[in-house]
Amino acid sequence: DAGVTQSPTHLIKTRGQQVTLRCSPKSGHDTVSWYQQALGQGPQFIFQYYEEEERQRGNFPDRFSGHQFPNYSSELNVNALLLGDSALYLCASSLVQGFGYGYTFGSGTRLTVV
Amino acid sequence: DQQVKQNSPSLSVQEGRISILNCDYTNSMFDYFLWYKKYPAEGPTFLISISSIKDKNEDGRFTVFLNKSAKHLSLHIVPSQPGDSAVYFCAASAGFGNEKLTFGTGTRLTIIP
């Protein structure tokens with residue numbers, strides 16, 4: 001049973017560029033959440049998507065945007081990259097009726113901004 | 001403002017002994033708490049959770065205790081095994097169904113054989 005798949009695993013971008021990260025949720029899951037984990041920190045909630053709409057949003061600027069497709073997969077887009085955007089980006093899927101224990105995390109995309 | 005705090009960045013415990021990981025929170029709206037375990041190059045995996053209506057929850061070698069008045073929770077692992085070596089994150093949420101999780105900064109647990 002495939003879990004959450006994220007691509008790419010690693011990425012290097014230049015300041016000011018734009019990046020798109022992709023996530024395929026665990027089979028049967030309908031909700032996708034994105035988290036940013038900076039070095040030495042815990043994951044921070046970016047936003048959550050359900051039924052192709054943003055359901056909740058954390059304290060991140062509008063440069064961070066997302067999308068969910070009819071097959072429940074999701075993309076995270078970051079515009080005008082800053083050095084501080086360098087982090088591990090984690091995707092987590094769940095059932096809308098589920099809760100934290102229902103989260104399945106992917107292994108993440110390591111983004112480095114130079 | 002760090003609403004969930006794990007004040008011990010690291011902890012070393014002898015194999016077979018008890019490991020105790022601590023977590024404090026400041027937001028009174030939090031009423032559901034979870035522990036996640038993370039190995040290098042992998043995403044966090046769910047370990048155990050507790051609702052604010054309980055003060056203890058057990059699952060095999062893992063027990064979570066919640067002290068609401070002190071806004072403190074702890075994870076006990078007994079007995080500790082080498083495979084338990086990982087980073088442990090405490091997380092909290094406000095309201096059942098509110099799936100936004102606020103994480104602590106993690107504690108790196110090392111089990112010494």
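The values are calculated or read from the model by the stated rules, or taken from the named source; none is laboratory data. Computed from a predicted model, the values in this text were never measured in an experiment. In this analysis, Cβ positions are derived from the backbone assuming ideal geometry, glycine residues included, and neighbour counts consider all displayed protein chains. Heavy atoms of the whole protein, side chains included, go into the accessibility calculation; ligands, DNA and RNA do not. Shrake-Rupley method; radii C 1.70, N 1.55, O 1.52, S 1.80 Å.
As a fraction of the 1.4 Å probe accessible area of the protein assembly as shown, surface on carbon and sulfur atoms comes out at 49 percent. Contact residues in region B:73-97 by the 30 Å² criterion (accessible area, 1.4 Å probe, full protein complex versus chain alone): B:PHE89, B:PHE96, B:GLY97.
Averaged per residue, chain B has 48 square angstrom of accessible surface, using a 1.4 angstrom probe with ligands and nucleic acids left out.
Between B:SER8 and A:ASN71, the simple spin-label model (points 7 angstrom out along Cα→Cβ) gives 4.6 nm. Its residue count N sets the reference 2.2 N^0.38 Å, and the alpha-carbon radius of gyration of chain A equals 0.99 times that reference. Heavy-atom accessible area buried between chains B and A is around 1800 Å² (1.4 Å probe, both sides summed).
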